[in-house]
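Reviewing the structure listed below.
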């Protein structure tokens, strides 16, 4: 049947609404009004479970842990690089110290030979003095290089120590982030566990054909049932005009009606804006 439905934000649109049945179902489903109202409880539980699943996927603590892992890996790499640099500098220092010791040993030998007076040849004496001067210059160069390397080693060792301190701090911050993440996940798991239990209880109390219809709709739309509140579908928020409200009012109380726009089961209660004053009095007296 063709009726007019008012949009939620002004204006009207022409839509075809079948109150008794929809094109999605081959046959109508009937259920006690109380059972239909219980669908709202089931829909509320499912909405809570959906929010919990979304929260599980989008926890800020997950991002914190991910960033902490990245910072931790970067800090570890920096510490390893600094340790490697210190080790290389230590090797250079040992090499320079060994070369300096060799030069000193050779200088001591030549000087001892010079002081012994055993060299009578002027040419040999001149050559020995020249070699001693060369060794002194070589020793000075090596000692300067050693001083420079030792200064670099000291600076690199300081960087290494700071890196280790920072690494410890990052490890602690990561542990804190992991703890917060685990607490948040535990909270979500508690909500999911409670919701799953409540859902099983509700499904066990509802007619199987009504549950089957609800589940098929929810699989398509994400929502299986919604309250008609003040003449408006609680799922798609579209407002029914007087004709549509009249059709909903005239439908049998045990008839399961659907929203043509979004397909959810429309649950009618005293809040729906469908009942006559006498109907409202009878509803409130129950």
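We did not get these values from a lab; they are worked out from the coordinates using the rules stated. Owing to the predicted nature of the structure, the values given are computational and were not obtained by experimental measurement. Backbone-built Cβ (ideal geometry, glycine too); neighbour counts: all protein chains shown.
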- prompt: Which of these, 152, 173, 51, has the largest mean-square fluctuation under a Gaussian network model of the chain (Cα springs below 10 Å)?
  reply: 152
message: For the range 197-278, what does the convex hull of the Cα positions come to per residue, in cubic angstrom?
response: 107
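Relative contact order of the range 60-201: what whole-number percent is it, with Cα pairs under 8 angstrom and at least 6 residues apart? Working shown, then result.
Working: 76 pairs, mean separation 69.0, N = 142.
Computed value for the range 60-201: 49 percent relative contact order.
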query: By how many degrees, between 0 and 90 and to the nearest 10, does the Cα long axis of helix 33-57 differ from the longest principal axis of the chain?
result: 10
- request: Per DSSP H run of n ≥ 4, the term is -39500 (n - 2.57); total these for the chain, divide by its residue number, and report the mean residue ellipticity at 222 nm rounded to 500 deg cm²/dmol.
  value: -25000 deg cm²/dmol
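What does the convex hull of the alpha-carbon atoms of the range 141-268 project to on average, in nm²?
Values: hull surface 62.3 nm².
Taking a quarter of the hull surface, the average projection is 15.6 nm².
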- request: Enter the angle in degrees (range 0 to 90, nearest 10) between the Cα long axis of helix 60-115 and the first principal axis of the Cα atoms of the chain, meaning the one along which they spread out most.
  value: 0
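Before anything else, pin down the relative contact order of the chain: Cα pairs under 8 Å, at least 6 apart, normalised by residue count, whole percent.
Rounded, it is 34 percent for the chain.
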statement: If one builds a Gaussian network model of the chain from Cα atoms under 10 Å apart, the most fluctuating residue listed among 72, 147, 62 is 147
statement: Largest fluctuation, 54, 94, 247 only, Gaussian network model of the chain with Cα springs under 10 angstrom, belongs to 94
field: Whole-Å semi-axes of the range 164-208's equivalent ellipsoid (Cα gyration tensor)
entry: 43, 5, 4
query: What is the fewest-to-most order of 118, 253 by other Cβ atoms lying within 10 Å of their Cβ?
result: 118, 253
query: What fraction, in whole percent, of alpha-carbon pairs in the chain exceed 26 Å separation?
result: 68
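Using the Kirkwood formula over every pair of different C-alpha atoms, what hydrodynamic radius in Å results for the range 60-201? Provide the component values of the computation, followed by the final result.
Details: mean 1/r = 0.0480 Å⁻¹.
Over the range 60-201, the inverse of the mean reciprocal pair distance is 20.9 Å.
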query: Relative to the longest principal Cα axis of the chain, at what angle does helix 208-221 sit, 0 to 90 degrees, rounded to 10?
result: 50
